[in-house]
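The values are calculated or read from the model by the stated rules, or taken from the named source; none is laboratory data. None of these values were measured; they are calculated from a predicted model. All Cβ positions, glycine included, derive from the backbone under ideal geometry; neighbour counts span all protein chains shown. Quick note on the areas: whole protein, heavy atoms, side chains included, nothing else; ligands and nucleic acids left out. Shrake-Rupley method; radii C 1.70, N 1.55, O 1.52, S 1.80 Å.
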Amino acid sequence: MPIKKILIANRGEIAVRIINTCRQLNILTVAVFSDADRHAKHVMMADEQCHLGSTDLADSYLNVDKIVQAAIDHQVDAVHPGYGFLSERPALAKALDKANIIFIGAPVEALELMGSKSAAKQTMLLADVPCVPGYQEDDQTPDVLADAARAIGFPVLIKAVAGGGGKGMKIVHQATDFASQLKSAQREAQNAFGDDQVILEKYITRPKHIEVQVFADQHGHVVHLFERDCSTQRRYQKVIEEAPAAGLSDATRTDMLNAAVKATQAINYVGAGTVEFIMDGDDSFYFMEMNTRLQVEHRVTEMITGVDLVAWQIAVAQGDPLPKKQTEIHDRGHAIQVRLYAEDPDNNYLPSTGLLEQVKLMQLEHSLVDSGVRASDSVTIHYDPMIAKLVVWAKNRNKCISKMLQVLDQSAVFGVKTNLAFLSRLLSTREFRKHQIYTNTLDNDELILAQEITPEVVAIYVHHLLHLNQTGEVWKQASGWHVQGTEPLLLELRFKGETLAYQISWEEGQYLINGTDHYWPQKEDICHIHRHQVQVIHQHLRYEFSLPDHEAKAVTSSANAILAPMPGKIIEVKVNPGDEVVTGQSLVVMEAMKMELELKAERDAVIKDIAYSENDQVRADDILVELE
Ligand code: ADP
C-alpha cells in the first residue's frame, strides 16, 4: 500500500526537510508541535498540525502516547521520526506497530541491539567486523573494569552503554585516574540515560570519524551510498561533514564500505542506517556504532549520489525494493556541510539563546540550506541550538571548500552569537585543506579565537558605511558631504569590551583613516550590518564588532540619512521636508520588536526628504529620512 499521509514526529530543520520531500511525492504531512513551536516553520509548512503539549520534552516530542494518538487522530499511514528525539527508541516503533501504523525507521530488533553499545559490539565481533579493542561484557564490578582497562592499555575511553551525543564519555590517561573517571562517567550516564553501564575502548589518539551510509529493504537487499568524513568535531559533536572522505586510499575505502554492508546484513537491517568507524593513523579502522536512523549529515551523501534518502526511506517503509542496485549508485564530486549553531566558540561553545533578529543564509548553485527557523524566531534553551545546515557541492574538494567559504561570507545572523566566524576560520586552515583534522583537533587547537580588528577591516567598514547611505554615485555624494564642511568623523568601534577609535577625514575627494591612506576594499570584502552590530568579511575571515550606541547612532550620524535600525512599522513622523532640525531632535518614531524606537538627528541639519509615512512597514537599513 503506498503511503499517502505521514506524521513527522520531530521539529526544526529535519521536519522541514522531510515535508519538502513529501510535497514532491504528493504525500500529505502532519506536523506536531509544543507550546514553544506554535508558530514554527515546520508547523506552517505541513498540511495538518497537531498540538502535543507544553514545552517540556516529556510532554511533547518525547511523548510516545501523544504522538501515536496524533497519528491515529490524523489517520496517517506512517510516522517519520527524523533524527534525535524518538527516532531510535523501540517504544515508538512498537506502539505504532500495535496501532497498525508504519514506522519509517529501523526494525525494533535493530533499534534494541544497536541502542546498546555493548550488544552492538558483541554482534559486530561475531560478524567479523573489526571493532576497537576493548571491554564490552556485562560484569561491571569496578575492579574487573580497572583490570580490563589495564589490559587494553592507557589511554582508555569509557563510554556509556546507552550513550549518545558524547554523553558519559571519559578519557582516562593513567591507571590512577581510572576509578574517579569511571564514577564520573557512570554518574553522567545514569543522569542522561538512566543506565550506568559502561564499555571500555582503547583511545585512538589520532582518530578520524568516517561513517558509511547504508540502506536495506524488506527483501534482503543491502547497499551502501559511500562514506562521510565527520572528523571535524567539538566536544565529540560534529560541526563539518563531507563526502567522500578525503585522503582515504582506494583499498581502505573498499574495505570499509564492504565492512559496513556486512555489519548491516549481520543484523537483518531495514531502512536508512549509518555504520560509524573510527580510523587510526595507520589506516586501520574499527566499528564504533551504528545509527539506526537518518543522520543530520545525510545531505552530503545526497549531493554526491543524487539520491533523495528520505524518498528512499518512504519507499522501503511501504515495502518497495531499493530504487537502485549497488552497481547503479555512483558518487560524483565533493560535498561539504557545515552546522551553523547559535553558540559561542570563544566560550566553550556555550549555546547562545535569543531572538533571531536577522537571518541571511546564502544559497548558491549546487548548494542548499536546511533550516527550521526564520528571522524573528527565537533560539531557546529547550531545543538544539542549530540554526541551519549549509551544504555545497562542487567538482572537487578544493572547489567545494571555496564555495562553502563564499556561502559563509554571504551569510549572516544577528541577534544571537553564532559559529559562522569559527566555521570560516576552520575551513581556511591548512589542517582542513590538507584533511588533517582529527576528532580531537579542536580540543587542543587555537583555531577558534576571535579575529582581532585590523586597519583593513576598519577600511571595509568605513567604505561600506559611506556606500550604504548613498544611492547611485557613491563617491560624488561622499565628497559632497566633505564639501559641506563636515568635521572629521570620529568612529568608535567596540571589540572585546574595548573601544577602538578612528578618525575619518577627507582630502581631495578621498577619505583617510587616522590621517593615512587606507586599504581599498575588494569585491570579496563584505560588510553585514544590523543595528549596532557589524560583521566584516575579509579574505574569508569574519570580524565581529559593534558600535557603541545601541540605537544605531553611529550609522546614522555618519552621513546624510537616518536608517531603520531593524524591520518595523513607522508610528509617527515628527518633521517635514525643509524643516530645520537640531542635534538630538526626535524625527521619527518606529515600532520594532514590540519596542518603540525614537530616531533622532545626530547633527543640526535641514530635512531633505522623508521616505515613509505613518503605518508604513520598513525593512532594516531602509533610508527613512534624508538630511542636508
Ligand atoms: P556517541 O554515541 O555518544 O556519539 P560515539 O561512540 O559515536 O559516541 O563516539 C563519539 C565520538 O567520540 C566519535 O565520533 C569520536 O570522535 C570519539 N571516539 C569514540 N570512540 C573513540 C575511541 N575509541 N578513541 C578515540 N575517540 C573516540
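Brief remarks on what is shown
- When residues of the range 221-251 are limited to those that are within 16 Å of the ligand (Cβ to nearest atom) and of a type in the set (Ser, Thr, Tyr), the one farthest from Lys395 (Cα to Cα): Tyr236
- Within the range 95-125, the set of residues being away from the ligand (no atom under 16 Å from the Cβ) and farther than 17 Å from Asn268 by Cβ comprises Ala95, Leu96, Lys98, Ala99, Asn100, Ile101, Ile102, Ile104.
- Lys94 vs. criteria touching a helix residue (DSSP H, G or I) at 6+ places or on another chain (Cβ under 9 Å), open to solvent by 50 Å² or more (accessible area, probe 1.4 Å) and over 30 Å from Phe277 (Cα atoms): no
- Members of the range 367-386 that are open to solvent by less than 30 Å² (accessible area, probe 1.4 Å) and over 15 Å from Ala15 (Cβ atoms): Ser367, Val379, Pro385
- Some residue of the range 357-367 being in contact (Cβ under 8 Å) with a residue 12 or more places away in the chain, in contact with a strand residue (DSSP E or B) (Cβ under 7 Å, 6 or more places away or on another chain), within 16 Å of the ligand (Cβ to nearest atom) and of a type in the set (Val, Ile, Thr): no
- Residue satisfying all of: in the range 201-220; outside any loop (DSSP other than H, G, I, E, B) and of a type in the set (Asp, Glu); nearest to the ligand (Cβ to nearest atom) among these: Glu201
Listed here are the residues, each with its yes/no results for (1) crowded, with 21+ Cβ neighbours inside 10 Å; (2) at positive phi; (3) among the basic types (Lys, Arg); (4) touching a strand residue (DSSP E or B) at 6+ places or on another chain (Cβ under 7 Å).
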position: Lys389; (1), (2), (3), (4): yes, no, yes, yes
position: Asn396; (1), (2), (3), (4): no, no, no, yes
position: Gly415; (1), (2), (3), (4): yes, yes, no, yes
position: Leu420; (1), (2), (3), (4): yes, no, no, yes
position: Thr429; (1), (2), (3), (4): no, no, no, no
position: Arg433; (1), (2), (3), (4): no, no, yes, no
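- The condition (being within 15 Å of the ligand (Cβ to nearest atom) and of a type in the set (Asp, Glu)) is satisfied by just one residue among Asp128, Asp195, Asp138, Asp177: Asp195.
- Count of residues meeting criterion [open to solvent by 60 Å² or more (accessible area, probe 1.4 Å) and without any contact (Cβ under 8 Å) to a residue 12 or more places away in the chain] in the range 511-525: 4
- Only residues that are more than 17 Å from Met303 (Cα to Cα) and open to solvent by 20 Å² or more (accessible area, probe 1.4 Å) were counted in the range 327-351, giving 7.
- Given (1) assigned to a loop (DSSP other than H, G, I, E, B); (2) hydroxyl-bearing (Ser, Thr, Tyr); (3) in contact with a strand residue (DSSP E or B) (Cβ under 7 Å, 6 or more places away or on another chain), index of the condition Tyr83 fails: (3)
- Pick from the range 584-614, criterion at pLDDT 90 or above and outside any strand (DSSP E or B), ranking: farthest from Ala561 (Cα to Cα): Glu614
- Matching residues in the range 280-301 - criterion: being more than 10 Å from the ligand (Cβ to nearest atom), open to solvent by 10 Å² or more (accessible area, probe 1.4 Å) and more than 18 Å from Gly84 (Cβ to Cβ): Gly281, Asp282, Asp283, Ser284, Phe285
- When each of Thr264, Thr254, Thr274 is tested for being open to solvent by less than 20 Å² (accessible area, probe 1.4 Å), modelled with pLDDT of 95 or more and more than 16 Å from the ligand (Cβ to nearest atom), the lone residue that passes is Thr264.
- Any hit, the range 210-222, residues being open to solvent by 10 Å² or more (accessible area, probe 1.4 Å), under 28 Å from the mean Cα position of the chain (by Cα) and in contact (Cβ under 8 Å) with a residue 40 or more places away in the chain: no
- Taken together, the criteria place Ser402 among residues that are of a type outside the set (A, V, I, L, M), without any contact (Cβ under 8 Å) to a residue 12 or more places away in the chain and in a helix (DSSP H, G or I).
So that you can scan it fast, the table gives a plain yes or no per residue for (1) touching a residue at least 24 places away in the same chain (Cβ under 8 Å); (2) crowded, with 22+ Cβ neighbours inside 10 Å; (3) in a strand (DSSP E or B):
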| residue | (1), (2), (3) |
| --- | --- |
| Ile171 | yes, no, yes |
| Asp177 | no, no, no |
| Asp195 | yes, no, no |
| Ile199 | yes, yes, yes |
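- In the range 28-50 there is no residue that is touching a Ser or Thr at 6+ places or on another chain (Cβ under 9 Å), crowded, with 19+ Cβ neighbours inside 10 Å and over 23 Å from Ala388 (Cα atoms).
- One residue stands out in the range 141-165 among those that are open to solvent by 20 Å² or more (accessible area, probe 1.4 Å) and charged (D, E, K, R): the one that is farthest from the ligand (Cβ to nearest atom), namely Asp143.
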